[in-house]
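Okay, structure first, notes after.
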Amino acid sequence: MAQVTTSICNVKNITSSTLIYQMSNDWQGAVGAGGLGYYPKDIKSRVTGTFQHVGNQNGSQGAVVYRITISPSENYDVMVAWFNQPNSPNKAYTLVDQAGSFTTDRWAAIFNALINSESNSSSTLGAYTSKVEIGMEISQQSRQQSVLLNWPC
């Protein structure tokens, strides 16, 4: 029987604004069932949002995009991606960009950047930074990723 890899993802919002879910992409696997079986629709200020991404025989590989509104005229999208494949190094990638800039035609380039990344990544746009790290194997089937959004408050 093939090993199924699960990623438990924590998105910690240390900003003074709410993060709003925009979109996601699954290369391998999908968001799991149960209480962690969906991407949080919004992640309030100073709160951690958690979800479970259940992989298939090729692992758990996906990305999610959240929007942060700094002011009515200043909005950014934050993308976090993970690569959690059995018998392979964990990889994580993040990118901060202008609101609306993550479109489906960018997923191939994002996946290429992800597979060429390390276990941690950071991205800064102006004064705004996103940091992501995927941890070591928790068990043979599960690895955990933590995301820290560090924005001026």
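The values are calculated or read from the model by the stated rules, or taken from the named source; none is laboratory data. In this text, all values refer to a predicted model and were calculated from it rather than measured experimentally. Glycine also receives a Cβ, built like all others from the backbone with ideal geometry; neighbour counts cover every protein chain displayed. Surface accessibility is based on the protein's heavy atoms, side chains included, excluding ligands, DNA and RNA. Shrake-Rupley method; radii C 1.70, N 1.55, O 1.52, S 1.80 Å.
The listed residues are GLU137, GLU133, GLU118, and the only one of them that is more than 18 Å from LYS12 (Cβ to Cβ), among the acidic types (Asp, Glu) and modelled with pLDDT under 90 turns out to be GLU137. Looking only at residues in region 91-106 that are assigned to a loop (DSSP other than H, G, I, E, B) and among the polar types (S, T, N, Q), the one that is nearest to ALA30 (Cα to Cα) is THR103. Here SER123 does not qualify as closer than 14 Å to SER7 by Cα and either modelled with pLDDT of 90 or more or open to solvent by less than 40 Å² (accessible area, probe 1.4 Å) (or both).
If the requirement is being open to solvent by 20 Å² or more (accessible area, probe 1.4 Å) and touching a helix residue (DSSP H, G or I) at 6+ places or on another chain (Cβ under 8 Å), which of these qualifies: TYR38, TYR76, TYR128, TYR93?
Criteria check complete, one pass: TYR93.
So is ASN84 touching a strand residue (DSSP E or B) at 6+ places or on another chain (Cβ under 7 Å), at pLDDT below 90, buried (at least 17 other Cβ atoms within 10 Å of the Cβ) and not charged (D, E, K, R) or not? Answer is yes for this residue.
Of the residues ASN10, ASN56, the single one that is in contact with a Ser or Thr (Cβ under 7 Å, 6 or more places away or on another chain) and over 23 Å from GLY100 (Cβ atoms) is ASN10. What number of residues within region 24-35 are at positive phi and surrounded by fewer than 20 Cβ atoms within 10 Å (Cβ to Cβ)? Looking only at that region, the number is 1. How many residues does region 41-53 hold that are open to solvent by 60 Å² or more (accessible area, probe 1.4 Å) and under 18 Å from ALA99 (Cβ atoms)? Selection size over region 41-53: 2.
Contact map, region 19-32: first residue within 14 Å of PHE111 (Cβ to Cβ), second residue hydroxyl-bearing (Ser, Thr, Tyr) and surrounded by 17 or more Cβ atoms within 10 Å (Cβ to Cβ), Cβ cut-off under 7 Å, separation 6 or more or different chains; pairs are SER24/TYR39; GLN28/SER60; GLY29/SER60.
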